[in-house]
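Everything on this sheet refers to the single structure shown next.
All of the numbers you see were taken from the coordinates with simple rules; none came from a lab. Just so you know, these numbers come straight off a predicted model, no measurement behind them. All Cβ positions, glycine included, derive from the backbone under ideal geometry; neighbour counts span all protein chains shown.
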């Protein structure tokens, strides 16, 4: 076994260890809460793209606007039951989540607001490619759905 | 000695009587509003800017035009329960006169001549102009009548004694503008922030008696319900651009594309219905503070 072979082996062993550590790191905390927060980050990223065009910080581009709005709609339509699992509220997870237990209580409007978001995102997906004004008008509906949930079901 | 005690109690009683008389609930002169004509269309703008629905709609209702009251506000003084301000003549404000409505908004005085608690932000509405009061009255009369009885506030002693509010108003009710405004746009922004929008009611900390701390005006405050903090809006506390502020008030999205939660979600729901120019006026006024 010559030196270069040795070196290559060592590098791959270290890489593997690093990958395993990163893997373990990714599983820190509650997986459901992590998945929810990742989902929220994807909303935020796409809303940033759309918002920058709405505010005029970057030029409006119908194609980018349409595809970004479609991303938001796709995210809103994802089946999320598994990561909104009961037993993963602030009561059980403490600071790991801001999801209030009222999400899972009787009379919760959580599911209705989810439907409201899908409807608002559908309207945005239709409007986004039309014009900057039409897009901006439809963003408020999406924001309203986001806030309706954060108003009632997210810890301050 | 007995005689001295008698005189002392007489003077004390007299003193209290004079204080009560001096701090009795103020009302507007009805002739001031007799010649004004209310315009319901303009009144709707006042309604959204004033955020009436945020407190007076039913708990967890999405209907910003149905105002039966009933929402509970937890504070260190006890719980305030928003009353019915729908157009119902018995339970709401349907049988009021425009002058009675003006006395409520501008002086915090009920048609029965009693002090309102400042949970109703007349400390801000006191800066409203008469035409806006009249227009708002015209609009609110078009809203549905809801026969729902208002509930009593649930306050601790001595805050449950309404007569003490006269002294409170003497100390803390002031209809002067807080900050100067040099241009018409800043004037409009100031009117929306300091009068109709009553932003400072939550974004300014209060003293032990519940009066706003002028030295910390709009610098942020602890949440009255105990948990969380209400952010400051002066530029040293909020570094968003004017466009970011206007966009937030329109959509609820922060520059980081988080979205408004808590009570601010309600504010966005109503302020978001104003014109883009009005929201930008608010933003420019906030940026001009300090």
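General remarks:
- Counting Cβ atoms of other protein chains within 10 Å of each residue's Cβ and taking the mean over peptide B:246-258 gives 6.
- Nearest-0.05 FRET efficiency for residue B:1 and residue A:90, computed from C-beta distance (R0 51 Å): 0.20
- Cβ-based exposure ranking for A:41, B:169, B:2, in which fewest neighbours within 10 Å come first: B:2, A:41, B:169
- A protection proxy built from the mean count of other Cβ atoms within 10 Å ranks the segments A:71-83, A:100-112, most packed first, as A:71-83, A:100-112.
- Label point distance in nm, residue A:42-residue B:156, each placed 7 Å from Cα along Cα→Cβ: 4.8
- Neighbouring partner chain Cβ atoms per residue of B:261-273, average, 10 Å criterion: 4
- Ellipsoid equivalent to the stretch B:26-174 - semi-axes via the Cα gyration tensor, in Å: 23, 20, 13
- Global size of the protein assembly as shown: 26.8, 116 Å for Rg and Dmax (C-alpha atoms, Rg to one decimal, Dmax whole).
- More than 23 angstrom apart: percent of Cα pairs within the stretch B:177-290: 24
- Modelled this way, with points 7 Å down the Cα-to-C-beta line, the labels at residue B:17 and residue B:227 are 5.2 nm from one another.
- Ranked list, fewest to most other Cβ atoms within 10 Å of each Cβ, for A:58, A:49, B:133: A:58, A:49, B:133
- GNM top mover of B:146, B:14, B:208 - chain B, alpha-carbon springs below 10 Å: B:14
- Taking B:37, B:153, B:115 as the candidate residues, the one with maximal mean-square fluctuation in a Gaussian network model of chain B, Cα springs under 10 Å, is B:37.
- Shielding by partners, peptide B:223-231 (average Cβ within 10 angstrom, other chains): 1
- Shape annotation for the stretch A:30-153: C-alpha extents along the principal axes are 45, 25, 22 Å, from largest to smallest.
- Taken along the Cα-to-beta-carbon direction at a fixed 7 Å, the label points for residue B:41 and residue A:52 span 4.1 nm.
- Alpha-carbon centroids, the stretch B:219-290 and the stretch B:83-98: separation in whole Å: 31
- Within a Gaussian network of chain B (alpha carbon springs, distance under 10 Å), most fluctuating of B:12, B:31, B:254: B:12
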